[in-house]
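The values are calculated or read from the model by the stated rules, or taken from the named source; none is laboratory data. No experiment lies behind these values; they were computed from the predicted model shown. Cβ placement follows ideal geometry from the backbone for every residue including glycine, while neighbour counts extend to all protein chains displayed. To get the accessible areas, we keep the full protein, side chains included, count just its heavy atoms, and leave off ligands, DNA and RNA. Shrake-Rupley method; radii C 1.70, N 1.55, O 1.52, S 1.80 Å.
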Amino acid sequence: MKIEAARNALDHVVDGLRLGIGTGSTAEEFVRLLAGKVSSGLKIVGVPTSERTAALCRELGVPLSSLDETPELDLTIDGADEVDPALTLVKGGGGALLREKIVAAASKSMIVIADRSKLVDELGRFPLPIEVNRFGLRATEIAISAAASRLGLSGPIALRMNGAEPLVTDGGHFIVDASFGRIPDPRALSDALHAIPGVVEHGLFIGLASMAIIAGGDGVEIVRAAR
C-alpha cells in the first residue's frame, strides 16, 4: 500500500520541479520510484528533509540541493503518522519533524502519502512527537504536561531513546513523545506548545497539506484540503 501511494504521488512530479522529499518508510518508497524516473530522464531538484533521506537520494542518483540554495519549493511529498479529515497531520515518528516542517512550509503545496491505517477521525492515537532543547529538559517536560492539562489533555511524556542514550535529531535536539490519547483541538495545543521556550517544534502539521493519497486494500483514496 505504501508503494501504491508513492506511485500515485509520482504522477504529480514533472520536469523542472523543486521538490521537498520527506522522511520515513513511505517516503523511501517514493524516493526509489522517483530515482527510476530520474534515470529515465526526469529533471527535478530535490531538497531532503533528513540526512537519511539525503543518503538514499545520493545512493540512487536523485539530484539534491539544500534549502539555502533552493529556498522556495514547488511541492513537498512526505508521509505522516496520522492524517485527519481536515488534513491536519501528526508527524515525527522518524525523528525528522523539524526539518520536515521547515521544508513543507517553504513549499507551495504538500502531498501526503500514507496507507489507510494512518487515516483517523481524530488525532492522538499516535504519540505526538515534540522536539525539545536539550538544556532544561525536565523543566520543558513539566511545562508540556501543564500546558496539556490546561486543555484537558493528559498522558505519559517519554524521552525518545536510541538504545541506552537519548535520540538526537539532525538538528541536535531531543524528542519527547506525548501520549495524550486524543487531540480534539490541534490548533490550541499547537499554540500552547509553541509558547514553551524549551519546545523547538512539534509534530502537529496544520494547514500545510493540500492533498493526501491514501492507499488501502481496495484502492487509492484522494483526500483534498477544504479551501
Review point. Only one of (1) in contact with a helix residue (DSSP H, G or I) (Cβ under 7 Å, 6 or more places away or on another chain); (2) closer than 21 Å to Gly219 by Cα; (3) of a type outside the set (A, V, I, L, M, F, W, C); (4) without any contact (Cβ under 8 Å) to a residue 40 or more places away in the chain is not met by Gly61, so which one is it?
Key: (2)
Exercise for review: Just name the residue that is modelled with the lowest pLDDT out of those in segment 212-227 that are farther than 21 Å from Pro184 by Cα and crowded, with 17+ Cβ neighbours inside 10 Å.
Suggested key: Ala215
Revision key, fill the gap. For segment 24-58 the number of residues that are of a type in the set (Gly, Ala, Ser) and either touching a residue at least 24 places away in the same chain (Cβ under 8 Å) or under 18 Å from Gly95 (Cα atoms) (or both) is 8
Point to revise | Filter pass, Leu56 being out of contact with any Ser or Thr (no Cβ under 9 Å at 6 or more places or on another chain) and farther than 18 Å from Leu73 by Cα | key: yes
**Study point:** Elements of type strands (runs of 3 or more DSSP E) in segment 86-203, at least 1 residues being at pLDDT below 95 and not aromatic (Phe, Trp, Tyr)
**Key:** 107-115
Review point. Taking the condition over 16 Å from Ser210 (Cβ atoms), open to solvent by less than 60 Å² (accessible area, probe 1.4 Å) and among the acidic types (Asp, Glu), does Glu59 pass?
Key: no
Study note, to complete from the structure: Within segment 81-95, the count of residues that are open to solvent by 10 Å² or more (accessible area, probe 1.4 Å) and either hydrophobic (A, V, I, L, M, F, W, C) or farther than 17 Å from Glu131 by Cα (or both) comes to 4
Review point. Out of curiosity, is Ala195 of a type outside the set (Lys, Arg) and either over 13 Å from Pro127 (Cβ atoms) or open to solvent by less than 40 Å² (accessible area, probe 1.4 Å) (or both)?
Key: yes
Check your understanding: Taking the stated definitions as given, is Ala5 aliphatic (A, V, I, L, M), open to solvent by less than 40 Å² (accessible area, probe 1.4 Å) and within 30 Å of Arg182 (Cβ to Cβ)?
Key -> yes
